[in-house]
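The values are calculated or read from the model by the stated rules, or taken from the named source; none is laboratory data. Just so it is clear, the structure is predicted and the values come from calculations on it, not from any experiment. Using ideal geometry, Cβ is built from the backbone for each residue, glycine included, and neighbour counts are taken over all protein chains shown.
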Amino acid sequence: MKKEAEQKIPSGKKIIFISLLLLTSLFIIAFFVFFWIVPVVGLSNIHPLAPLILGIIVLAIISLVAWGSFSLVLNILLKRPLFFSNKIRGITIKFFFPLMTLVGEILGISKEKVRSSFICVNNEMVLNEKHNYKPEEVLILLPHCLQNSRCNVRLTYNIENCKRCWRCPVGHLLNLRDEFCVKMAIATGGTIARRIVVENEPKLIIAVACERDLSSGIQDTYPIPVFGILNIRPYGPCVDTLVSLDKIIWTLNRFI
């Protein structure tokens, strides 16, 4: 059962991510090469060494972009942490992902597919760091749409208000929280989620949400590692969603 629940990147998502990463890197490198070549003639009139200095700066930027993308691809393919793996994760989250989304749009790849591939790759990088955490260092962050839409109890500011009527996954998730002794909260949006993170000061976040909210949450909370689990939407987005309890259990067992 553990093997069935294990988190792996589907090959299609891995191909999308790596392809967009390499294309984005090539676009960036081409831009800086063009930026260097065009003014070279004019710069030499300012100072004989000006083209050389600009060339060194551009070469340094190109080297950093190439190193970042190459290291990230190795991290994904080898499935183990490399030197500066946390820095590589930061470069991916803050630099490559926004540009990859733009490149994906140009190529006709939907934002949802790009976000989904980003979440899967982020999860694998977090797993590759092979860190274990104390239960009190782990926060499970849930979306409000997991709560039954006909429930009148407000859980956003106090999840303990849940009556555990079993009409939605929240009661079962609270049982898991009590079993593993971790922290758990529900957020209605990015602002409340950030406040919850600041108040709880976790060292690891296990977040349940849709592609859009997970990808933005991973960006907002860096450098705190976030392991993302996509919710299940049998009735469409943002209403009566579900989550795989097996995935939550596997993730808790893996990190605690």
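Quick rundown of the values:
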read-out: From the options Val182, Val153, residue that is touching a Cys at 6+ places or on another chain (Cβ under 8 Å) and at pLDDT 90 or above; value: Val153
read-out: Single unsatisfied condition, Gly189 versus (1) in contact with a helix residue (DSSP H, G or I) (Cβ under 7 Å, 6 or more places away or on another chain); (2) closer than 29 Å to Thr92 by Cα; value: (1)
read-out: Single match in Arg164, Arg177 (criterion: in contact with a Gly (Cβ under 8 Å, 6 or more places away or on another chain) and outside the structural domain of Thr101 (by TED's automatic domain parsing)); value: Arg164
read-out: Those residues of segment 198-245 which are under 12 Å from the mean Cα position of the chain (by Cα) and either of a type in the set (S, T, N, Q) or assigned to a loop (DSSP other than H, G, I, E, B) (or both), in sequence order; value: Cys210, Ser215, Ser216, Gln219, Thr221, Tyr222, Pro223, Ile224, Pro225
read-out: Residue that is surrounded by the most Cβ atoms within 10 Å (Cβ to Cβ), among those in segment 135-156 that are in contact with a Lys or Arg (Cβ under 8 Å, 6 or more places away or on another chain) and either touching a residue at least 40 places away in the same chain (Cβ under 8 Å) or outside the structural domain of Arg212 (by TED's automatic domain parsing) (or both); value: Ile140
read-out: Residue list for segment 205-223, restricted to those being within 21 Å of Ile256 (Cβ to Cβ) and either out of contact with any helix residue (DSSP H, G or I) (no Cβ under 9 Å at 6 or more places or on another chain) or exposed (fewer than 15 other Cβ atoms within 10 Å of the Cβ) (or both); value: Pro223
read-out: Qualifying positions in segment 184-204 - among the β-branched types (Val, Ile, Thr), surrounded by 13 or more Cβ atoms within 10 Å (Cβ to Cβ) and out of contact with any strand residue (DSSP E or B) (no Cβ under 6 Å at 6 or more places or on another chain); value: Thr188, Ile192, Val197
read-out: Any hit, segment 188-197, residues being within 24 Å of Phe255 (Cβ to Cβ) and either of a type in the set (S, T, N, Q) or not in a helix (DSSP H, G or I) (or both); value: no
